[in-house]
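Colleague: The structure under discussion is supplied below as structure tokens; questions concerning it will follow.
The values are calculated or read from the model by the stated rules, or taken from the named source; none is laboratory data. Owing to the predicted nature of the structure, the values given are computational and were not obtained by experimental measurement. Heads up, the Cβs are rebuilt from the backbone with ideal geometry, glycines too, and the neighbour counts pull from every protein chain shown.
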Amino acid sequence: MKLPRVATIAAVALALAAGAFAQPAHWEIDPAHSNASFTVRHLMVSNVRGEFTKLAGGLDIVGNDPTTAKVSVTIDAASVNTREPKRDDHLRSADFFDVAKFPTLTFVSRKIESGGEGRLKVTGDLTIHGVTKEVTFDVDSLTPPMKDPWGGTRVGAHAAATIDRKEFGLVWNKALEAGGVLVGDDVKISIDVELVKKT
């Protein structure tokens, strides 16, 4: 049976719309409005906070389902900043990140699952100091898409995880006379990103 012309046009339009909706979209990190920070225990009594000021990457996603996303982030290890130049130089040295040999930290997602109530769990390969381990980031504060003043579309998200630095070969430490160590082993990682949709 031959379809009426209007019905035929509508069917074609729906097919095209469905195809466009299923196409992957690419979102890039806006480095000017994103950061990767960390917190580690110092002298067993306080927390030292720092950040990496240079990061890049993004994600590819199909439709509106965040569990389809593929995430990739690259951080410049030499951009570490704890607001103390001597400490930053030490962190860049072979005792810690050894930036001359391992200039970047990377994360590449393997799977993304719902964490309930608008949250996500992003599991992937985190590489630090040339060592790769599987790490799961808890993602919250995932915003709906927003139009910026320049006609672009942006979303934001916050992700957090805790790692044992020794598992990544960052083993330098000093014992304290009163007991304990100079630098804690657990490192809390916090990533805040603003992503821009690319067409």
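Colleague: Kindly indicate whether any position in the stretch 105-123 is under 17 Å from Ile191 (Cβ atoms), among the hydroxyl-bearing types (Ser, Thr, Tyr) and in contact with a helix residue (DSSP H, G or I) (Cβ under 9 Å, 6 or more places away or on another chain).
Modeller: no
Colleague: Suppose we filter the stretch 78-109 for residues that are in contact with a strand residue (DSSP E or B) (Cβ under 8 Å, 6 or more places away or on another chain), acidic (Asp, Glu) and outside any helix (DSSP H, G or I); how many remain?
Modeller: Result for the stretch 78-109: 0.
Colleague: Also, quick follow-up: Going by the conditions given, is Thr53 under 21 Å from the mean Cα position of the chain (by Cα) and closer than 18 Å to Asp192 by Cα? If you could, list the steps in order and put the result at the bottom.
Modeller: Working: under 21 Å from the mean Cα position of the chain (by Cα): yes; closer than 18 Å to Asp192 by Cα: yes.
Spelling it out, Thr53 is indeed under 21 Å from the mean Cα position of the chain (by Cα) and closer than 18 Å to Asp192 by Cα.
Colleague: Do you know which of the residues in the stretch 89-134 that are under 27 Å from Ala157 (Cα atoms) and of a type in the set (Asp, Glu) is surrounded by the fewest Cβ atoms within 10 Å (Cβ to Cβ)?
Modeller: Glu117
Colleague: Right, another one. Considering the stretch 180-190 alone, what residues qualify as being buried (at least 16 other Cβ atoms within 10 Å of the Cβ) and modelled with pLDDT under 95?
Modeller: Matches in the stretch 180-190: Val183, Gly184.
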